[in-house]
Amino acid sequence: NIMDTKFARRTERIGRTTCSYWRAGKCNRNPCRFVHIETPSPPAACGYGNTAYSYGKKPHSSSENTPKYGSKKALLRDNGDRGDATRVAKAFKKSSPRICKYWINNNCVHGEQCLYLHSWFRGDGFSTVTKLQEHKKVITGIAIPVGSDKLYSGSTDGTVRIWDCHTGQCAKVINLGAEVTSLISEGSWIFVGLQNAVKAWNIQTMSEFTLDGPKGRVRAMTVGNNTLFAGAEDGVIFAWRGSSKADSPFELVASLTGHTKAVVCLAVGCKMLYSGSMDQSIKVWDMDTLQCTMTLNDHTDAVTSLICWDQYLLSSSSDRTIKVWACIEAGSLEVIYTHTEENGVVSLFGMPDAEGKPILFSSCRDNSVHMYELPSFSERGRLFAKKDVALIELGPGGLFFTGDESGLLMVWKWLEVPKVASS
């Protein structure tokens, strides 16, 4: 009957299929319904070789059991083994390039046959330098103080690590006993955001101070107009300026209120302080009076990052958009362009490449960082990580850094473009 025929065909198909767990040396079934020998692959569909990405790797699923679009075998099998090249090409075109999660952990068994990327990046003009893997949790700050040969990194694992820029080795670990939620440098100072406080270290005098006042985690800090600003979890921004007092070189001069939820990003530009919050708003503060001059409400989810670039303000959000703001009449800000990502945006960073072209880095909730050339927003390349990249920072000599939520700190370098000798 029909059911018996279907069962027989299914049994015959299973009997021809190699056990993926056996291939990986992990099958513990005895007996196993799949075969424990290698079976020849079906013939490739005509034109399949043209479906590879232009950056060199074929997109694929790293799981043979539950592929999203499937391996080549699965695609041909689902299509009745007709070898439909159009179906194969369309399926791979739909899938976005992703790094192989097994290759990341050094246990991919497919080797060159793997259909996911076996590379930390896609694109050209830049390359990886090294991986620093000592942190155990989210990296929340990276800084190289001016004139220093040390890299400072902070993490929610409760430590600040000091790295030797020449050897790439961790020279010192400072255990703070609490989550480090932000870290920046300004001159000879390192500022570390903690729960209910900011730690200030002077790397020249080796002095240390605690700045009290914030309530909850200090999620964002920046310096402008000789003022340190720290955004706290209760939505208040604290401002300290230099003081002549012997007990502390910093004096609390203002508490900027207005946000109703945590302040998670700050930026300074055009004599203004910009703050982004979980309350979905951006507030603009006058740096001289420390008063709020306007509130921007165009995002529909948490504002995750802000950067000032020339006369423009760029903002990102969990609503999957990047907005470009510009000043118009009467000094107000309006959105002049909105770029939409497939996933929520974690953070933004801007820097020039080796040729001086402006490049925008957009870290998204797909464990990757999209690189765009400005002002066109054409994609230049993509960086990959174990987990979402929490921050990006510029270094000296063409170096830049990414820190992800697994604690992996990657060092990258822009590559110089060879000059062609004139005839």
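The values are calculated or read from the model by the stated rules, or taken from the named source; none is laboratory data. What you see is a predicted model, and the numbers here were worked out from it, not measured in a lab. Cβ coordinates were reconstructed from backbone atoms using ideal geometry, including for glycine residues, and neighbour counts include every protein chain displayed. These accessible areas exclude ligands, DNA and RNA; they are computed on the full protein's heavy atoms, side chains included. Shrake-Rupley method; radii C 1.70, N 1.55, O 1.52, S 1.80 Å.
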If a residue counts only when it is basic (Lys, Arg) and surrounded by 13 or more Cβ atoms within 10 Å (Cβ to Cβ), which strands (runs of 3 or more DSSP E) contained entirely in the range 123-172 have at least 1 such residues?
150-155, 159-164
Test of understanding: among 116, 69, 102, which residue is more than 30 Å from residue 219 (Cα to Cα), modelled with pLDDT of 50 or more and open to solvent by 50 Å² or more (accessible area, probe 1.4 Å)?
102
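Which of the residues spanning the range 175-188 are over 20 Å from residue 216 (Cα atoms) and surrounded by fewer than 16 Cβ atoms within 10 Å (Cβ to Cβ)? First the steps, then the outcome.
Keep residues of the range 175-188 that are over 20 Å from residue 216 (Cα atoms), which gives 185-188.
Listed by number, the residues that qualify are 187, 188.
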Within the range 142-172, can you find the residues that are under 21 Å from the mean Cα position of the chain (by Cα) and among the charged types (D, E, K, R)?
157, 161
Which strands (runs of 3 or more DSSP E) does the range 300-407 wholly contain that include 2 or more residues that are more than 17 Å from the chain's Cα centre (by Cα), among the β-branched types (Val, Ile, Thr) and surrounded by fewer than 20 Cβ atoms within 10 Å (Cβ to Cβ)?
333-340
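Do we have any residue at all in the range 410-421 that's among the basic types (Lys, Arg), surrounded by fewer than 21 Cβ atoms within 10 Å (Cβ to Cβ), under 22 Å from residue 310 (Cα atoms) and more than 8 Å from the chain's Cα centre (by Cα)?
Of all residues in the range 410-421, those among the basic types (Lys, Arg) come to 413, 419.
Checking which are surrounded by fewer than 21 Cβ atoms within 10 Å (Cβ to Cβ) leaves us with 413, 419.
Applying the additional criterion that residues be under 22 Å from residue 310 (Cα atoms) yields none.
Among the residues of the range 410-421, not one is among the basic types (Lys, Arg), surrounded by fewer than 21 Cβ atoms within 10 Å (Cβ to Cβ), under 22 Å from residue 310 (Cα atoms) and more than 8 Å from the chain's Cα centre (by Cα), which makes the answer no.
For (1) over 18 Å from residue 392 (Cα atoms); (2) in contact (Cβ under 8 Å) with a residue 40 or more places away in the chain, each residue gets a yes or a no:
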{"position": "100", "(1), (2)": "yes, no"}
{"position": "104", "(1), (2)": "yes, yes"}
{"position": "110", "(1), (2)": "yes, yes"}
{"position": "120", "(1), (2)": "no, yes"}
{"position": "126", "(1), (2)": "no, yes"}
{"position": "143", "(1), (2)": "no, yes"}
{"position": "149", "(1), (2)": "yes, no"}
{"position": "153", "(1), (2)": "no, yes"}
{"position": "158", "(1), (2)": "yes, no"}
Selection count where residues are on the phi < 0 side of the Ramachandran plot, assigned to a loop (DSSP other than H, G, I, E, B) and touching a residue at least 24 places away in the same chain (Cβ under 8 Å), scope the range 251-265:
4
